[in-house]
Each structure stands twice: as structure tokens, then as C-alpha cells.
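The values are calculated or read from the model by the stated rules, or taken from the named source; none is laboratory data. Everything quoted here is computed from the prediction, not taken from an experiment. Backbone-built Cβ (ideal geometry, glycine too); neighbour counts: all protein chains shown. What goes into the accessible areas is simple: the full protein's heavy atoms, side chains included, and nothing from ligands, DNA or RNA. Shrake-Rupley method; radii C 1.70, N 1.55, O 1.52, S 1.80 Å.
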2 protein chains.
Amino acid sequence: MSRRPYHHGDLREALVAAAQAAVETSGPEALSLRDLAQSLGVSTAAPYRHFPDRRALLDEVAARGFADLDAAYRAARAGAPNPRAAMRETARAYLNLAFSRPGLFRLMFASDALGVDASPALLAAAGQAWESLYAAARAAEPDADLAAVKRRAITGWSTLHGFITLVQGGRLKGFMTEPLSEAELLEAVLDKSLGEG
Amino acid sequence: MSRRPYHHGDLREALVAAAQAAVETSGPEALSLRDLAQSLGVSTAAPYRHFPDRRALLDEVAARGFADLDAAYRAARAGAPNPRAAMRETARAYLNLAFSRPGLFRLMFASDALGVDASPALLAAAGQAWESLYAAARAAEPDADLAAVKRRAITGWSTLHGFITLVQGGRLKGFMTEPLSEAELLEAVLDKSLGEG
DNA sequence: CTCCGATATAAGCGCCGCTTACATTGTGCG
DNA sequence: CGCACAATGTAAGCGGCGCTTATATCGGAG
């Protein structure tokens, strides 16, 4: 049951890689299976041998994005001197994904068709990333009530995520004026995400 | 230069109304100008006499959404006993729009093509809603530094917005378990949005 | 009443996701 | 070894989309 070269070589993997690149440069909205197929030199029907539909291919790309995010979380924790610093680095890892690969980030968190009915693999990958985040939060406050920690983790994540979303949607254009720069605000958001309450 | 019935009888207004309804029931992604035209009994080319493209019609719907939001903000402030309560009611108005008209909310804040290049009318409407929010925040803390107030307004908005986005994207499904209910979390998010820091 | 500009239409272009019917090819089994 | 078969690929086509062009209709200004 080898998965080696048939006609193309490993079209499935090539599709995912090309889709990943396209998502990161032009966003998930712009991805066209016909384009993709043509750019890989196969017929427009070929992708359907490997993915039931467009959404399934995007789900695979998103799942790999969550795996990357999870890896970044773990690296952040591993490289930090203490649990508190680990939380801050974890937040920075999230910001980094959002701003360095905005198309992928949008796919992962704002997929047009609301990912509620997403594939099990995608849900598992997203769940794994959350577990890493939650574990870091628990380590930072080992003596606190678990519900309180979870509450703080979710509200903190919300703050970070909301800021990113508003900035990337252009909804803060013109409001971050004069005394406030985007960089300064970002630090304030980080503080609030990890902050006191 | 009256704008009364020609062939159809104010197709422009009918288009906006139908688009509004479609956006609220099925989300902005699902809106099709051809569908819309057919459901209004006109040819598929007719809408293009009133809007240069699909995006322009959606922009108009979004702008009206921002006008609604602004009105809700003002009503919240007017009905509150003190500036502090006004802020909380303002936040509830935002939540209310998000959860009672999620399709419209998605159009306003997650429009597929990132609304950076949006029409002036849309930007003006969005700016007006922000100004109302900012004014309420200033009234709640009349003696504070303006930059600090703005910082708090933006981070608070971010918290609220992020939570909504994560919930509506299904990204918190399964994480709000056991000791935490969605309603309870919502209160925590509200607290943090308005909160101490 | 006539003419003009605003409004609507019919037809069509190129693109899309996806399906069906058929061709090719590598692999495992008698 | 050879053959059937499943996995992989193709060509062609369906219906739908946004949008454009050329043409028809209609209401109001002169």
C-alpha cells in the first residue's frame, strides 16, 4: 500500500502545499481548485480524487496551521525562564502567526462557512492547540481555581484575538491616532490579555 | 429629479432591503445578485443600474448596520442612570447586535475582502459608531487621561469582539465545559471589557 | 409632442465548483 | 507471469456566478 508516484507523483501533497502558499499570499477566499489544478499541470477534475470538495482541502490547510500554532506554543513555553514569561511568549506566538501569515490566520479563525461543522481532524488539531494554551495558563497559576484559570485564559485569548481581528479588518484605522500607536496599543493589549484580572 | 416609480418603483431601495434580509438569514457570503434580482422580478442586469458591483450593495447594507449600531449606542447611553452603567449598556448593545443579527455582524466586521478599501460612506458610518462608543467611555471617566481612556476603550472593545468572534466561529466549542457556561463566561468577558485596567 | 436620459432587458463572456463517463497505470493475486 | 482490479487521471459538460454590451422602454423636461 505504498503512496508513491502514480501519474503525478503525490498530487495530494502537492495540492496541500500549493493551497497553503495560495492561502498565505491571497487569502482563503481567492483559492480556486481549477487554478490550483492548472498550476500543477493536472486536469481540473484531478483534485477531486483526493478531496471531496474545496472545503476539505481548506480544512486540511487549516489543520496544519493549528499544528504549527501548537508547535509555536510549545516552543514558547520551552524557551521561557518561568511560567509567567511562558504565558507572554505564548501570546506573542499567537500574534506572530496572525501578523506573519494573515491569510492562514483568517482561514483558521474566520473561515467563511463558520467552522462549526468542521472535519474531525480539524477540530482535533484546533483542540490540541487550545490544550497547549490552557496547560500554559495552568502552569502560570498553579494554585488558582481551575474554572478561574480557564475563564482568564478564554477572556485573555478573546482580547488578543479581538484586537487582531479589528486591526486586520481595518476597523481601527483612524482610531489609533495621535497619542496611540499600533505598537503601543499592542503592548497594552498584551498586558490586558495576561493581566491582573 | 424625483426618485419615484419608474419601471419597478424604486428598485434601489428594494435591493437594499432584500439584501439586508438575505444577509441576516444566510450571511453575506451567500448573497447572489442574480438570486436577488430574480426574487424581485427584474432581470439579472438590473441591479447594476444602481450599484457598480456586488460589494457596493453589501457596503450599503453594512453602512446601515453601523447606523443601527450607533443608534443602539445612543439609546443605551440615554437610558442609563449614570455613565458607568451607560458603558455596560453600550457593551450589551454591541453583544445584542452580534448575537441577534450574526450575519449582519459578520458583514460589518469580517467582510471577506477586509474592508480596508471600503467606500467613504461605509467608513463614515463605522467612524460615527466608534465616536459614540468613545464618547461614552470618556463620560465614564471624565478625569482620566484621554490616551488612557482610548486605550481602555479599544482593549475593552477587543475583548468583547474577540469573544464574540471566537464563539460564532465555533472556536470555543468544547472548551467552555463543566464549570463554565457560555452565559457565565459572557459576564466575565463583560467585566473584563469594562474592568479595572 | 418630441426628444433625452434614466431605467430595464436579453444575450453572452469567462470563471467557478462539481459530476459523469471513460482512459491509463501500478499492484497484488491466482 | 499475467491478468483483473482499484487507484489515479482526463475530457466534457452542467448549472450558477459576477459582470458587460447592445438594445428596448418609459417618464419628464423643453
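Quick notes
- Options A:178, A:131: the member that is at pLDDT below 95 and surrounded by fewer than 20 Cβ atoms within 10 Å (Cβ to Cβ): A:178
- From B:19, B:45, B:62, residue being within 16 Å of DNA strand C (Cβ to nearest atom), open to solvent by less than 20 Å² (accessible area, probe 1.4 Å) and either over 30 Å from residue B:142 (Cα atoms) or not assigned by TED's automatic domain parsing to the domain that holds residue B:125 (or both): B:19
- Residues that are more than 7 Å from chain B (Cβ to nearest Cβ), closer than 27 Å to residue A:134 by Cα and either touching a residue at least 12 places away in the same chain (Cβ under 8 Å) or among the polar types (S, T, N, Q) (or both), drawn from region A:161-187: A:164, A:167, A:186
- Residue A:55 open to solvent by 20 Å² or more (accessible area, probe 1.4 Å), more than 9 Å from DNA strand D (Cβ to nearest atom) and either within 14 Å of another protein chain (Cβ to nearest Cβ) or not in a helix (DSSP H, G or I) (or both): yes
Yes/no per residue for (1) near DNA strand D (Cβ under 8 Å from one of its atoms); (2) within 14 Å of chain B (Cβ to nearest Cβ); (3) not polar (S, T, N, Q):
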residue: A:11; (1), (2), (3): yes, no, yes
residue: A:14; (1), (2), (3): no, no, yes
residue: A:29; (1), (2), (3): no, yes, yes
residue: A:33; (1), (2), (3): no, no, yes
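- Within region A:188-197, the residues that satisfy the criterion of being at the interface with chain B (Cβ under 7 Å from one of its Cβ atoms) and in a helix (DSSP H, G or I) are A:188, A:189, A:192.
- Some residue of region A:142-149 being at the interface with chain B (Cβ under 10 Å from one of its Cβ atoms), modelled with pLDDT of 90 or more, part of a helix (DSSP H, G or I) and in contact with a Leu (Cβ under 8 Å, 6 or more places away or on another chain): yes
- As a summary of the residue check, residue B:73 satisfies the conditions (1) free of Cβ contacts under 8 Å to residues at least 60 places away in the same chain; (2) touching a Ser or Thr at 6+ places or on another chain (Cβ under 9 Å) except for the one numbered (1).
- Checked against (1) modelled with pLDDT of 95 or more; (2) within 11 Å of DNA strand D (Cβ to nearest atom); (3) within 28 Å of the chain's Cα centre (by Cα), residue A:43 meets all criteria but (3).
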